[in-house]
1. Can you give me the relative contact order of chain B as a percent, contacts being Cα pairs under 8 Å and 6 or more apart?
2. How are the Cα pair distances of the stretch C:71-170 distributed, in percent, across 10 Å bins from 0?
3. Note down the magnitude of the dipole of chain B about its Cα centre, charges +1 on Lys and Arg C-beta and -1 on Asp and Glu C-beta and zero elsewhere, to the nearest 20 debye.
4. Just need log10 I(q)/I(0) for the stretch B:52-360 at q = 0.16 Å⁻¹, Debye formula, equal scatterers on the alpha-carbon atoms, no solvent, rounded to two decimals.
5. About its Cα centre, how strong a charge dipole does the protein assembly as shown have in debye, to the nearest 20, once Lys and Arg get +1 and Asp and Glu get -1 at the Cβ?
6. For peptide C:199-211, what's the mean number of Cβ atoms from other chains within 10 Å of each residue's Cβ?
7. Quick one: which residues, 5 or more positions from B:PHE118 or on another chain, have an amide H under 5 Å from its amide H? H modelled 1.01 Å from N in the peptide plane, none for Pro or chain starts.
8. Any idea of C:MET1's accessible area? Nearest 10 Å², probe 1.4 Å.
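The values are calculated or read from the model by the stated rules, or taken from the named source; none is laboratory data. Every value quoted in this text rests on a predicted model; they were computed, and no experiment measured them. Heads up, the Cβs are rebuilt from the backbone with ideal geometry, glycines too, and the neighbour counts pull from every protein chain shown. Quick note on the areas: whole protein, heavy atoms, side chains included, nothing else; ligands and nucleic acids left out. Shrake-Rupley method; radii C 1.70, N 1.55, O 1.52, S 1.80 Å.
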Amino acid sequence: MTAAPTPGSREVLGPQEISRALIRIAHEVLERNAGAENLAVLGIPTRGLPLARRLAAVIADVEGVDAQALVGELDVTMYRDDLRRHPTRTIGATTLPAGGVDDRVVVLVDDVLFSGRTIRAAMDALADLGRPSAVQLAVLVDRGHRELPIRADYVGKNLPTSRTEKVAVRLVEVDGVDSVRIENEEGDR
Amino acid sequence: MRHLLRGVAPLGGAPTDLLLADGVIVALGADAAREAGDATVVDGGGLVALPGLVDLHTHLREPGREDAETVETGSRAAALGGYTAVHAMANTSPVADTAGVVEQVLRLGQDAGWVDVFPVGAVSVGLRGEQLAELGAMAQSAARVRVFSDDGMCVHDPVLMRRALEYVKAFDGVVAQHAQEPRLTAGAQMHEGVVSAEVGLAGWPAVAEEAIIARDVLLAQHVESRLHVLHLSTAGSVEIVRWAKARGIAVTAEATPHHLSLTDDLARTYDPLYKVNPPLRTAEDVEAVRAGLADGTIDVVGTDHAPHTREDKDCEWAAAAFGMTGLETALGIVSTTMVATGRMTWADVARVMSHTPARIGRVDSGPRAQGRPLEIGEPANVTLVDPAARWTVDPAAQASTSRNTPYGGMELTGRVVATFLRGRPTVLDGVLVAEGVA
Amino acid sequence: MRHLLSVADLDRDAAVLVLDTAAEMAKTQGREIKKLPTLRGRTVVNLFFEDSTRTRISFEAAAKRLSADVINFSAKGSSVSKGESLKDTALTLQAMGADAVVVRHQASGAPHRLANAGWLDAAVLNAGDGTHQHPTQALLDAFTIRRHLRGPDVGDPDGVGADLSGLHVAIVGDVLHSRVARSNVGLLTTLGARVTLVAPPTLVPIGADRWPCEISYHLDEVLDSGPDAVMMLRVQRERMGGPGLAGAATSAGFFPSPLEYTRQYGLDARRLARLPEHAIVMHPGPMNRGLEISADAADSPRAVIVEQVANGVAVRMAVLYLLLAGDREKGTEA
């Protein structure tokens with residue numbers, strides 16, 4: 001199913017730009033960590049997970065390692081600080097790469113970095129799962145407006161937005177199309 | 001005190017005028033208006049006139065549970081419900097098993113003055129089902145007791161029941177049986193069937209009622225006495241009574257408004273308002289009870305008005321008391337379920353809610369007779385009903401001390417507008433009238 | 001989900017969601033750090049009018065693992081046993097700001113009254129009421145069945161996403177007095193399983209013929225039909241014949257003697273051997289060894305009885321999560 005773009009929205013990243021951004025991030029990760037040894041790439045559901053898989057695939061390709069051994073998913077639902085403000089959320093799966101996260105460099109992957117609250121929850125979740133040697137953060141889009149002292153290590157695109165705007169990330173694995181659009185609240189139906 | 005009831009329809013027949021004077025119906029039709037003189041005129045256009053209703057089955061709770069009801073408040077409720085007489089059941093505290101207690105209740109009724117209160121005497125001492133109470137003393141007391149019942153408890157010992165049936169023949173009494181086999185109903189909470197299986201409340205099987213009724217009609221036949229079956233609730237019970245009557249056994253039977261209108265499905269709410277004994281039964285049973293009432297197998301509608309305090313109902317089902325109030329809704333329920341549906345006429349209503357109950361209770365003769373026809377020379381006990389009025393039951397507006405009506409919020413057709421007790425209006429325009437006001 | 005009073009509150013999808021959520025909860029319980037911050041600041045009251053240490057500690061563990069504050073309120077034996085006390089207790093809990101009340105009560109429908117009488121805003125979770133319902137027991141049973149019998153088919157150790165279609169479960173014993181049987185008949189059939197109740201006729205409630213299950217009086221026949229799971233219910237010795245309780249001369253029992261019951265309806269080694277290879281043996285506990293189940297059967301590798309207890313914590317965590325984590329006015333996310 002392909003989601004129709006909302007009228008009044010504009011595309012800021014297309015399939016090529018997304019792909020290029022991930023390749024660049026992959027190289028930055030490898031450069032900074034001197035290779036893929038000891039690396040774990042954890043996607044935050046929903047759309048962080050396919051991004052993590054793609055990132056791991058590029059890294060594996062470059063380094064000649066098994067992508068499956070790198071990647072995992074980290075559900076942060078039970079660590080969120082806003083559960084009471086929303087209808088009950090469905091808990092997603094948490095799957096770590098074989099060997100867990102102890103003493104590994106964990107790269108958390110999410111689609112959009114906004115308030116920083118999801119990443120805060122992710123770090124708490126991670127702490128309950130083990131003790132990584134370092135935790136880094138990769139995001140496809142950083143749209144600003146942080147509410148916590150959190151900064152991404154790897155950013156696909158910095159996107160200045162107003163708070164009333166909405167950043168809509170669509171990925172083939174979930175939405176049938178790769179795109180990042182900025183939507184006006186008024187443009188929403 | 002004179003009242004001219006103008007344009008009322010006796011038993012739903014042709015409209016006419018009724019003149020009530022000095023406690024008696026003194027004139028009918030054109031004569032009534034001619035002789036009215038300074039009589040207070042009650043505009044009865046569109047209203048049905050019934051003989052004052054008589055309840056054979058009321059719990060007034062006094063003495064003992066004045067927190068749930070008193071003779072005063074219960075008889076106010078009765079008047080509002082169109083009643084001019086009620087029989088007060090014996091399961092008070094102390095139990096009405098002596099001449100002293102029945103005379104006390106009689107006096108409380110006279111002091112209240114809203115309706116005639118006829119005490120029912122207990123069959124056994126303390127309702128314990130072991131030893132006959134002093135039935136003769138109660139019969140000869142000022143209360144002139146003719147109806148004897150352990151209601152609330154079943155006279156389950158067949159020998160005791162036989163003796164009671166025999167003994168009351170000496171003064172033309174009747175034993176009114178609460179038919180409930182105790183061993184089959186130990187701990188029972190509701191009708192045993194599909195709903196009880198689902199909601200996990202201990203079952204009260206139909207057979208526990210039917211087995212006692214079957215036994216008792218045979219005992220009544222054997223000793224040639226009168227038996228009255230209280231609050232018959234199952235299709236099987238209707239069949240047994242029908243069979244007994246066909247055999248000429250002197251049995252009469254009662255249905256309550258709730259067994260004519262409500263089913264065991266209501267237990268799914270776990271709201272103890274619907275907890276009653278015998279329990280609400282299935283839709284098939286309700287239909288059989290209605291059919292039995294319509295065809296005369298069931299002789300009377302008795303309210304089984306059973307007031308309970310809030311704390312006895314505002315709790316979990318198993319801890320709650322059995323019973324529901326009924327005096328103020330009985331006519332409305334009978335009207336809605338039986339008259340509005342075309343199954344009974346207003347003459348039938350007069351039969352099952354006035355004439356027959358008075359005859360069974362032996363209160364239908366003498367100067368203070370109840371349940372008499374609306375004829376010249378008869379005591380002026382008259383109930384006026386608006387057959388078309390649609391009204392919504394408001395528990396908080398009831399005169400009973402207790403609020404445990406299962407009909408709150410329900411819309412009924414047919415409402416009591418006025419009640420006259422021996423010519424004195426106790427209710428006018430649906431409102432109580434204190435003595436000496438009108 | 002505002003309350004969990006009966007398995008009838010759950011349709012197929014809601015039941016699968018509880019089981020899937022329980023699967024995630026179960027995974028967290030294998031970790032070194034078992035405690036989650038999810039219900040921090042929420043207060044769960046365990047209100048037990050009837051003794052049940054096992055159920056209470058299971059709920060207590062579940063609530064604590066989710067970081068809720070737990071208050072245990074044992075009302076048994078105190079003056080809190082009848083009348084308006086349930087209401088007063090509810091008003092007390094309301095005043096204390098309870099977010100959820102886990103209630104065990106000997107009266108069927110008491111949780112229903114707590115939830116619906118307007119005494120209390122908290123979520124009410126039925127932990128067993130009279131002979132009515134025990135929904136978390138049925139959920140943990142369904143979870144255990146799904147894990148063992150559907151997990152391999154769907155390629156997930158917990159069978160996440162699957163229901164119980166195609167499975168046949170026999171429930172054996174005192175159905176009449178059993179809230180476990182009532183809950184399981186409802187839930188297992190909602191999840192697509194076929195259920196056969198096996199009991200002497202005296203222990204089958206009148207009206208059960210309308211339940212969505214089959215009823216048999218013969219255990220051996222049912223075992224020969226190859227059920228996938230056999231659930232043995234606890235039979236209380238006091239239900240048998242003989243002298244009645246204090247004062248009563250005699251009480252007609254539901255079965256003639258424990259020996260006869262065991263002979264007709266007990267699961268022993270001989271009967272265990274008649275079951276299909278893959279079939280599992282369940283019991284809600286506590287067991288009467290030698291009455292409804294022999295030691296051979298209870299301790300056999302097919303018995304998943306201890307696992308049921310462990311799964312109980314995960315299932316109760318899931319239910320507490322679904323009742324309490326979100327905004328209760330906004331329901332559950334699709």
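1. Numbers: 1117 pairs, mean separation 83.6, N = 438.
That works out to 19 percent.
2. Going out from 0 Å in 10 Å bins, the stretch C:71-170 shows 14, 36, 21, 19, 10, 0 percent.
3. 740
4. Relative scattering, expressed as log10 I(q)/I(0), comes to -1.40.
5. Details: 96 positive and 122 negative charges, 167 e Å.
The calculation lands at about 800 debye.
6. Mean partner-chain Cβ count within 10 Å for C:199-211: 3.
7. Residues meeting the amide H criterion: B:VAL86, B:HIS87, B:ALA88.
8. Roughly 60 Å² of C:MET1 is accessible to a 1.4 Å probe.
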